[in-house]
Amino acid sequence: MLPSTLDDYVATDHPVRVIDAFVDSLDMKSLGFSKAETCETGRKPYHPGDLLKLYIYGYLNQVRSSRRLEKECHRNLELLWLLRRLSPDFKTIADFRKGNSRAIRNACRAFIHFCRQAELLTGKLVAIDGSKFKSAASKDSVTRRSQLTEQRQQLEQQIDRYLQQLDRADDKAAAVQLDTAAVKKALARLQRQTVTLDKLEEQMDTFGRNQACATEPEAKLLRSGREGMIVGYNVQSAVDAETGLIVHHEVTADSDDRRQLYPMAQQTKAELELENLDVLADAGYSNGEQLAACEVKGITVTLPTRRSINDLKGLHPKEAFQYDAGRDEYICPAGERLTYKTHNRKEKRRMYTREGCHNCKQRDQCTRSRQRWVSRHFHEAAFERCDARLQQNPNLMRQRMAIVERPFAIIKQLMGFRRFLCWGMESARSEMSLGVLSYNLKMMMNQQGVPALLAALR
């Protein structure tokens, strides 16, 4: 005998009940969801809570397409229970994700807030990392500036050739048999292509890039490990060391992570509402200016620092020069003092030297030029403090890998989220928030168990 009611098909400790309880606990209006309040007249729309439940379930079960979600609403018993037999069409489902990007991100943050309120998350130590995700656009839609210049030259040559043909056709003295209508048609086509190139060049200037994506302007050609070059976005995440939850994430179009340390760390600190925060990151985040900014905000960062070295083989290394912070001078191995002379604003470096190097007995061991120059980064002190922390605990980088690389692996491999389905950065942020929210729910269910999590939500 089959169960008499639909509720009997869903066990009391089934994960779908967590989705239901969590979404029901949200204030959809305050989060910013559209149609959270319905009008008194007219047909009532689907409640945003039901559509959010649908998407969370889909992302947990590798069903992200709006058309596939529509089909599942008709045949999946778990969804029939979750949505109370509601069956929205694919356009309604897609429009919800597209039109509620900010609200979905707020819902993702709301779960982190719940975990903190329920004392399931402390957030004393986080690890930051970035991963490349493919966009909906393909590599064929990307044009580099060098390619654009070449294409423009070819178009101009073809246009000139057609214009010359038309000029000869107008010369009655020339016995030229020419299909002027066909030439004019081809000329119009080339001029339309020129307009397209103008738009691509304008896009490059707007975003300050040497490339442009015709179908998705915000996407960018990025290098992604084994995959090589992809068109996509750089997704940043801050992962709690104790629970593995993604406490903050962001979707960017930056090729590398050098400008992401301070924004990610500061926003993570704000999300966790902490006075002080410890952060682990890899060498890709090494940025003296951002390290110093983090220290001002009570954020202690540990990472392998990366800065250029002007040492030459066989000569005294920079470490042989002792820095005197009180006098802002370097003391060379010969005991002489190198004073500040100039700076390089682009590389953010101060340059130190002395005039008498050519008379020094150790000159052959120090420099091959007339005098030795030693550079110091504007934020060298922040680099040095970071180096000291890493030397005290060299296992922190191994710990960082264990913390931060697992979430992206789960999202990409187990949840099937390797590329974005929607076009544009705002839609990408909405998709990633759904992926992160689903991942966080999955982690809490695994750690706390469904019954305990349900009790906390209710």
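The values are calculated or read from the model by the stated rules, or taken from the named source; none is laboratory data. Please read these numbers as outputs of a predicted model, since none were measured by experiment. Virtual Cβ from ideal backbone geometry, glycine too; neighbours counted across all protein chains shown.
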Which residues, taken from region 370-410, are out of contact with any Ser or Thr (no Cβ under 9 Å at 6 or more places or on another chain) and assigned to a loop (DSSP other than H, G, I, E, B)? 370, 378, 379, 394, 395
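Please tell me if residue 38 is outside the structural domain of residue 418 (by TED's automatic domain parsing) and either modelled with pLDDT under 85 or not polar (S, T, N, Q) (or both).
Values: outside the structural domain of residue 418 (by TED's automatic domain parsing): yes; either modelled with pLDDT under 85 or not polar (S, T, N, Q) (or both): yes.
For residue 38, the condition - outside the structural domain of residue 418 (by TED's automatic domain parsing) and either modelled with pLDDT under 85 or not polar (S, T, N, Q) (or both) - is met.
Quick one: how many residues across region 226-248 are of a type outside the set (A, V, I, L, M, F, W, C) and in contact with a Lys or Arg (Cβ under 9 Å, 6 or more places away or on another chain)?
Looking only at region 226-248, we keep the residues that are of a type outside the set (A, V, I, L, M, F, W, C), and these are 226-228, 232-234, 236-237, 240, 242-244, 248.
Still in the list and also in contact with a Lys or Arg (Cβ under 9 Å, 6 or more places away or on another chain): 227, 232-234, 240, 242, 244, 248.
Summing the residues that are of a type outside the set (A, V, I, L, M, F, W, C) and in contact with a Lys or Arg (Cβ under 9 Å, 6 or more places away or on another chain) in region 226-248 gives 8.
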Would you confirm, using the coordinates I've provided, whether residue 368 is surrounded by fewer than 18 Cβ atoms within 10 Å (Cβ to Cβ), under 19 Å from residue 317 (Cα atoms), outside the structural domain of residue 279 (by TED's automatic domain parsing) and in contact with an Asp or Glu (Cβ under 9 Å, 6 or more places away or on another chain)? no
Criterion violated by residue 410 - all others in (1) in the same structural domain as residue 132 (by TED's automatic domain parsing); (2) crowded, with 18+ Cβ neighbours inside 10 Å; (3) β-branched (Val, Ile, Thr) satisfied: (2)
Going through region 411-453 one residue at a time, which ones are within 15 Å of residue 105 (Cβ to Cβ), in contact with a Ser or Thr (Cβ under 8 Å, 6 or more places away or on another chain) and aliphatic (A, V, I, L, M)? 428, 436
Looking at 96, 114, which is the one that is aromatic (Phe, Trp, Tyr), under 24 Å from residue 233 (Cβ atoms) and either in the same structural domain as residue 418 (by TED's automatic domain parsing) or within 27 Å of the chain's Cα centre (by Cα) (or both)? 96
Does residue 345 satisfy the condition of being surrounded by fewer than 12 Cβ atoms within 10 Å (Cβ to Cβ), of a type outside the set (Asp, Glu), farther than 27 Å from residue 280 by Cβ and not assigned by TED's automatic domain parsing to the domain that holds residue 289? yes
Looking at (1) in a helix (DSSP H, G or I); (2) touching an Asp or Glu at 6+ places or on another chain (Cβ under 9 Å); (3) surrounded by fewer than 14 Cβ atoms within 10 Å (Cβ to Cβ), can you tell me which one residue 446 breaks? (2)
Residue count, region 137-150, condition closer than 30 Å to residue 421 by Cβ and part of a helix (DSSP H, G or I), comes to 6
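What do you reckon, is residue 59 in contact (Cβ under 8 Å) with a residue 12 or more places away in the chain, in the same structural domain as residue 112 (by TED's automatic domain parsing) and assigned to a helix (DSSP H, G or I)? Spell out how you get there, then give the answer.
On the way: in contact (Cβ under 8 Å) with a residue 12 or more places away in the chain: yes; in the same structural domain as residue 112 (by TED's automatic domain parsing): yes; assigned to a helix (DSSP H, G or I): yes.
For residue 59, the condition - in contact (Cβ under 8 Å) with a residue 12 or more places away in the chain, in the same structural domain as residue 112 (by TED's automatic domain parsing) and assigned to a helix (DSSP H, G or I) - is met.
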